[in-house]
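A.B. asks: I have a structure I would like to understand better, so I am pasting it below and will then ask my questions one at a time.
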Amino acid sequence: MALLDDIAAYLKSQGLVPSGWRVCIYFMPPSPDRVICLSEYGGNTPQVKVLLDEPGLQIRVRGQSEDPQTPRGVLETIRIALDGLGPLTVGSSNVRWIKAVQSAPMSLGIDGQDNRWEFVCNFIVGKGR
């Protein structure tokens, strides 16, 4: 989970997490409304010869009731900041590059609880071993 914690810390340090928003790892809690959730998934095949893993990173954002513009805007700002980033060391993670898989945030619609809009973007992270 170090990569997710490191990316979360990076987002905060760069001012990409607005005031009043919560960052979560793997799980999006029912409250508060404004949440940025980071998850890791399988990604691409590791490049063993060059000691490079390519995990997938998913960032999911939820905003307040009946407001799709704010969470979409927060995620678009994060997508633009991360796409093409690297090389850099983020915490304990050797991030060689981050590449957005989509050209814009994708809507997941509203949650079943309070009509809160959710958006998602996926990335591939080139992570040195």
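A.B. asks: Against the conditions (1) touching a strand residue (DSSP E or B) at 6+ places or on another chain (Cβ under 7 Å); (2) more than 24 Å from residue 14 (Cβ to Cβ); (3) not aliphatic (A, V, I, L, M), where does residue 86 fall short? Just the number, please.
C.D. replies: Residue 86 satisfies all of (1) touching a strand residue (DSSP E or B) at 6+ places or on another chain (Cβ under 7 Å); (2) more than 24 Å from residue 14 (Cβ to Cβ); (3) not aliphatic (A, V, I, L, M) except (2).
A.B. asks: For segment 34-55, give me each residue that is hydrophobic (A, V, I, L, M, F, W, C), assigned to a strand (DSSP E or B) and over 14 Å from the mean Cα position of the chain (by Cα). Give the steps one after another, and end with the answer.
C.D. replies: Step one: of segment 34-55, the residues hydrophobic (A, V, I, L, M, F, W, C) are 35-38, 48, 50-52.
This time we only want the ones that are assigned to a strand (DSSP E or B), so: 35-38, 52.
Selection gives 52 alone.
A.B. asks: Could I ask something else about it? Give just the number: which of (1) surrounded by fewer than 19 Cβ atoms within 10 Å (Cβ to Cβ); (2) among the basic types (Lys, Arg); (3) closer than 16 Å to residue 120 by Cβ does residue 79 not satisfy?
C.D. replies: (1)
A.B. asks: Also: Restricting attention to segment 34-56, which residues are in contact (Cβ under 8 Å) with a residue 40 or more places away in the chain and of a type in the set (A, V, I, L, M, F, W, C)?
C.D. replies: 36, 51, 52
A.B. asks: Still on this structure, I have one more. Taking segment 10-33 as the region of interest, how many residues are farther than 13 Å from residue 62 by Cα, assigned to a loop (DSSP other than H, G, I, E, B), free of Cβ contacts under 8 Å to residues at least 60 places away in the same chain and touching a helix residue (DSSP H, G or I) at 6+ places or on another chain (Cβ under 8 Å)? Working first, answer last.
C.D. replies: Looking only at segment 10-33, we keep the residues that are farther than 13 Å from residue 62 by Cα, and these are 10-16, 19, 25-26.
Going one step further and asking which of them are assigned to a loop (DSSP other than H, G, I, E, B), we end up with 14-16, 19, 26.
Narrowing the set further to residues that are free of Cβ contacts under 8 Å to residues at least 60 places away in the same chain leaves 15, 19, 26.
Now restrict to residues that are touching a helix residue (DSSP H, G or I) at 6+ places or on another chain (Cβ under 8 Å): 26.
Qualifying residue count, segment 10-33: 1.
A.B. asks: Go through segment 48-63 residue by residue and tally those that are at pLDDT 95 or above and either over 17 Å from residue 128 (Cα atoms) or surrounded by fewer than 15 Cβ atoms within 10 Å (Cβ to Cβ) (or both).
C.D. replies: 6
A.B. asks: Just checking: which of the strands (runs of 3 or more DSSP E) contained wholly in segment 56-122 hold 3 or more residues that are in contact with a Gly (Cβ under 7 Å, 6 or more places away or on another chain)?
C.D. replies: 93-100
The values are calculated or read from the model by the stated rules, or taken from the named source; none is laboratory data. Keep in mind it's a predicted model, so treat the numbers as computed, not measured. All Cβ positions, glycine included, derive from the backbone under ideal geometry; neighbour counts span all protein chains shown.
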